[in-house]
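A short worksheet on the structure shown next.
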Amino acid sequence: MEALRDARVVVTGAGGGIGAALARRFAAEGARVVVNDLDADAARKVADEIGAAVVPGDASGIVPAARTALGGGIDVFCANAGVGTGGGPEADDAAWELAWDVNVMAHVRAARALLPEWLERGEGRFVSTVSAAGLLTMIGAAPYSVTKHGALAFAEWLSLTYRHRGVRVHAVCPQGVRTAMLRSAGAAGELVLAPGAIEPEDVAQAVMDGIAEERFLILPHPEVAEYYAARAAEPERWLGGMNKLQRGFEALQTREGGAGAGAAPAAETQAAPEGGRA
């Protein structure tokens with residue numbers, strides 16, 4: 001895309017998974033890229049591969065250093081870092097706080113730092129890797145589902161508030177993607193996500209298409225649109241179908257001698273369906 005040539009792009013959680021695929025694709029389009037991840041070695045490996053700058057560390061405070069690395073400004077910010085947190089109300093406060101901080105507040109802090117620059121010049125692009133869980137839900141993972149709904153709500157708010165001032169926002173909502181987190185997601189991942197899982201590169205292509213078409217909602221799995229519509233139009237039927245999945249999840253755990261009915265993978269601080277916390 002000509003619009004991305006020489007664009008200054010930041011991708012958080014880009015040491016692997018979707019983030020790495022996004023960084024590679026933006027670089028291939030001619031953008032100048034900053035690769036960020038908590039795993040400094042993984043970030044440097046991707047950056048060296050594509051000729052990008054690297055700014056390792058927590059995604060929440062990356063904007064000043066990334067702006068400097070890109071020569072003074074940021075055109076596209078990909079809030080891709082995420083954390084998968086399983087369980088339900090029994091998950092401890094630390095797990096809920098981690099999910100909220102990484103999946104929602106990191107986006108808020110980035111936008112807070114970026115908006116003055118973007119509003120002054122009348123353009124900027126915020127790409128939020130949300131997850132289909134933000135439109136629907138994920139069995140066995142209440143903190144993940146709740147905070148991904150929050151990430152989607154924040155992306156919607158940014159879009160409706162600032163689009164007339166040149167700020168473009170995209171919410172990327174894939175289902176299963178073949179990343180480290182999916183491989184470690186256990187019974188819930190195998191039941192719900194693995195059958196239709198796609199490659200990180202497929203998500204990156206969907207993002208490029210969504211940017212070209214200026215679409216807010218980017219669905220690498222097109223069928224999610226139907227599920228989302230059914231959820232809104234027939235909530236009782238949708239909840240019944242999801243409860244059927246929950247019962248299948250519990251039965252699978254019982255056969256495998258797994259944890260209790262509400263359990264799912266614990267907080268994963270280095271990898272998630274979106275490519276990892278950074």
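The values are calculated or read from the model by the stated rules, or taken from the named source; none is laboratory data. For clarity, every value in this text was computed on a predicted model and none was experimentally measured. Here the Cβ is made from the backbone with ideal geometry for all residues, glycine too, and neighbour counts use every protein chain on show.
Of all residues being at pLDDT below 95, among the aliphatic types (A, V, I, L, M) and assigned to a loop (DSSP other than H, G, I, E, B) in the range 128-167, which is surrounded by the most Cβ atoms within 10 Å (Cβ to Cβ)? Just the residue, please. The residue in question is Met138. For the range 1-20, the tally of residues that are closer than 18 Å to Gly84 by Cβ and of a type outside the set (Val, Ile, Thr) stands at 7. Of all residues in the range 15-23, at least one satisfies being within 24 Å of Ala171 (Cβ to Cβ) and in a loop (DSSP other than H, G, I, E, B).
It is to be established whether one or more residues within the range 76-87 are modelled with pLDDT under 95, under 30 Å from Phe249 (Cα atoms), surrounded by fewer than 24 Cβ atoms within 10 Å (Cβ to Cβ) and not β-branched (Val, Ile, Thr). Lay out the reasoning, then the answer.
First, pick out the residues of the range 76-87 that are modelled with pLDDT under 95: 81-87.
After this cut, where a residue has to be under 30 Å from Phe249 (Cα atoms) as well, the list is 81-87.
The next check asks that each one be surrounded by fewer than 24 Cβ atoms within 10 Å (Cβ to Cβ); those that pass are 87.
Applying the additional criterion that residues be not β-branched (Val, Ile, Thr) yields 87.
Within the range 76-87, one or more residues are modelled with pLDDT under 95, under 30 Å from Phe249 (Cα atoms), surrounded by fewer than 24 Cβ atoms within 10 Å (Cβ to Cβ) and not β-branched (Val, Ile, Thr).
Within the range 202-223, work out how many residues are assigned to a helix (DSSP H, G or I) and either buried (at least 16 other Cβ atoms within 10 Å of the Cβ) or within 12 Å of the chain's Cα centre (by Cα) (or both). Residues that pass the stated criteria total 8. Reported count of residues in the range 57-95, each being in contact (Cβ under 8 Å) with a residue 40 or more places away in the chain and in a loop (DSSP other than H, G, I, E, B), is 18. The sole residue among Leu239, Leu252, Leu245 that is touching a Gly at 6+ places or on another chain (Cβ under 9 Å) and either surrounded by 15 or more Cβ atoms within 10 Å (Cβ to Cβ) or modelled with pLDDT of 80 or more (or both) is Leu252.
One line per residue, one yes/no per condition, for (1) closer than 20 Å to Ala132 by Cβ; (2) among the polar types (S, T, N, Q):
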residue	(1), (2)
Ser60	no, yes
Ile74	no, no
Gly82	yes, no
Gly86	yes, no
Glu97	no, no
Trp100	yes, no
Ala106	yes, no
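Taken over the range 1-54, the criterion of being touching a residue at least 60 places away in the same chain (Cβ under 8 Å) and among the β-branched types (Val, Ile, Thr) is satisfied by Val9, Val10, Val11, Thr12, Ile18.
For the range 100-113, the tally of residues that are within 20 Å of Val172 (Cα to Cα) and in contact with a Lys or Arg (Cβ under 9 Å, 6 or more places away or on another chain) stands at 4.
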